[in-house]
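Step one of this worksheet: look at the structure below.
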Amino acid sequence: MGRCSVERERAVAFGPGRVNLIGEHTDYNDGLSLPFAIADGVTVSATARGDGEIVARAHDLGEEDRFALDAPPRADGWRAFVRGAVAELRAAGLPVRAASLEIRGTVPTGAGLSSSAALEVAMCLALLALSGAEDADRLELARLCSRVENEWVGARTGLLDQTASLLGERDRALRIDFRTLDVRPVALKTGDWRLVTVDSGEAHSHAGSGYNERRRECAEAARELGVASLRDATPEAATALPDPLDRRIRHVVEENARVDATIEALAAGDLAAVGALLDASHVSLRDLYDASTPAVERTVRALRDAGAAGARMVGGGFGGHVLALLPPRVAPPEGAIVVAPSAGARLLRT
Ligand code: GLA
């Protein structure tokens, strides 16, 4: 994937986090999502070394990792992402040079804003740029980064976060069809309305939450229905299956429909309708998908009480941030992050 050009001694890459406007827990069901890249993310500065090692420094944590480039050993925490990225790049036959990596982030971790994808993407782009391979195909890179999470971190996540981070565009969300990997930009300008995220105060981890269990349930439901994925399921067929599989199916089928309904509402400039769809998505994630927590519920209620037109958990759920759409004149609550579609992953000037 990609053609090699000129090696360089230093490269700096930025990988943005993402907010998923709607279409949650649909990516690993061949469904639809509507995410956008945000301005916050992770920056990786890479400098070539001559000793066959990768030395990575996570500045926000004050921690370091050091390992042989040609045989990254397994590890936990942030090190799993770094070692996994190096190993998967090499396994894909991409050129990786020994390097010192300085990692700095502005996106909160464990928040549902994809600090993980931001790190994987920035790491891969910086390492590829050192080898002159920065034109690697971005959908292939998204798949590679997702293998890092699946194989090295133990989170069976889908392609949503990496695709949003790598292909994000300013002022646009991306309608991603995970069956075909067709990605279509959708104008997302909210005018006087604002999208904000608010921390529920509860960190989540995909490898450790109910995420992997939901994924197993969806695979089981598809098997029971005799379909390749829940993209092909119908709510009528779902009624034949026992609880909770019937509810998981309903969530996926209805959430896919909400993605296109949101796109229609945006095209019509009907932001109140977008708010109602965010609410409906949240209720479904809570009642049909069982992905909410008391802290998330409190945060959603507080945002609605403060005048939000809609609010919902964002990302994998089981904690993390809550996304809300605020009408004009409703002030963002203290600590809220105002989010807007921003440019996708890129090399920065060194
Ligand atoms: C996490 C995963 C994604 C996706 C969302 C839920 O962010 O990394 O692949 O499944 O949860 O929509």
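The values are calculated or read from the model by the stated rules, or taken from the named source; none is laboratory data. The model shown is predicted, which means the values in this text are computed figures rather than measured ones. Glycine gets a Cβ as well: all are built from the backbone with ideal geometry, and neighbour counts include every protein chain shown. Protein only, heavy atoms only, side chains kept; ligands, DNA and RNA dropped before computing areas. Shrake-Rupley method; radii C 1.70, N 1.55, O 1.52, S 1.80 Å.
Dividing the alpha-carbon radius of gyration of region 84-139 by 2.2 N^0.38 Å (N being the number of residues), what value is obtained?
Computed over Cα atoms of region 84-139, the ratio equals 1.18.
Taking the Cα centre of each part, how many Å lie between region 257-291 and region 204-250?
Centre-to-centre distance over Cα atoms comes out at 20 Å.
Roughly how many percent of the accessible protein surface of the chain is carbon and sulfur, given a 1.4 Å probe and a whole-percent answer?
Carbon and sulfur together cover 47 percent of it.
I'd like the antiparallel share, as a percent to the nearest 5, of DSSP beta bridges with both residues in the chain.
Just about 90 percent of them are antiparallel.
For region 55-152, give me the percentage of DSSP beta bridges that are antiparallel, rounded to the nearest 5 percent.
50 percent
Between region 49-81 and region 106-124, how far is it from one alpha carbon centroid to the other, in angstrom?
17 Å
Determine Rg/Rh for region 62-189; Rg is computed over alpha-carbon atoms and Rh is the Kirkwood hydrodynamic estimate from the same atoms.
Expressed as Rg/Rh, it is 0.96.
To the nearest 20 debye, what is the magnitude of the charge dipole of region 127-175 about its Cα centre, counting +1 on the Cβ of each Lys and Arg and -1 on the Cβ of each Asp and Glu?
200 debye
Going by accessible area, probe 1.4 Å, with all protein chains left in place, what is the ranking of TRP78, TRP193, largest first?
TRP193, TRP78
Let me see the pair-distance distribution of the chain: every alpha carbon pair, 20 Å bin width, integer percents in order.
32, 56, 12, 0
Within the set of other residues whose C-beta is less than 12 Å from the C-beta of ARG79, count the net charge using Lys and Arg as +1 and Asp and Glu as -1.
Overall, the nearby charge balance is 0.
Treat every Asp and Glu Cβ in region 221-320 as -1 and every Lys and Arg Cβ as +1, leave all other atoms uncharged, and give the resulting dipole magnitude about the Cα centre to the nearest 20 debye.
Around 300 debye, computed over region 221-320.
Any idea what the alpha-carbon Rg over 2.2 N^0.38 Å comes to for region 201-336?
Region 201-336 yields a ratio of 1.13.
With Rg and the Kirkwood Rh both taken from Cα atoms, where does Rg over Rh land for region 287-333?
Using only Cα positions, Rg/Rh for region 287-333 is 0.99.
How many angstrom lie between the C-alpha centres of region 128-199 and region 305-350?
When both Cα centres are located, 17 Å separates them.
Give me the percent relative contact order of region 151-226, please, defined on Cα pairs under 8 angstrom at least 6 residues apart.
Relative contact order here is 34 percent.
Picking from LEU125, ALA228, LEU89, whose Cα lies most toward the positive end of the charge dipole for the chain (charges on Cβ: Lys, Arg +1; Asp, Glu -1)?
Of LEU125, ALA228, LEU89, it is LEU125.
Rounded, prolate or oblate: pick one for region 126-275, where a ≥ b ≥ c are the square roots of the eigenvalues of its C-alpha gyration tensor, a/c under 1.5 means rounded, and failing that, prolate if a/b is larger than b/c, else oblate.
Oblate, because a/c is 1.5 or more while a/b does not exceed b/c.
Tell me the angle of helix 245-267 to the major Cα principal axis of the chain, expressed in degrees between 0 and 90 and rounded to the nearest ten.
It works out to around 90 degrees.
How big is the C-alpha Rg of region 1-126 next to the rule-of-thumb value 2.2 N^0.38 Å, as a ratio?
Here the Cα radius of gyration is 1.11 times the empirical estimate.
Where only protein heavy atoms count, and the probe is 1.4 Å, what is the accessible area per residue for the chain in Å²?
Counting only protein heavy atoms, the per-residue value for the chain is 39 Å².
What does the helix-only formula give at 222 nm for the chain: each DSSP H stretch with n ≥ 4 adding -39500 (n - 2.57), the total divided by the residues, and the result rounded to the nearest 500 deg cm²/dmol?
-11000 deg cm²/dmol
Nearest 20 debye, what's the magnitude of the dipole of the chain about its Cα centre given +1 on Lys and Arg Cβ and -1 on Asp and Glu Cβ?
In total the dipole reaches around 600 debye.
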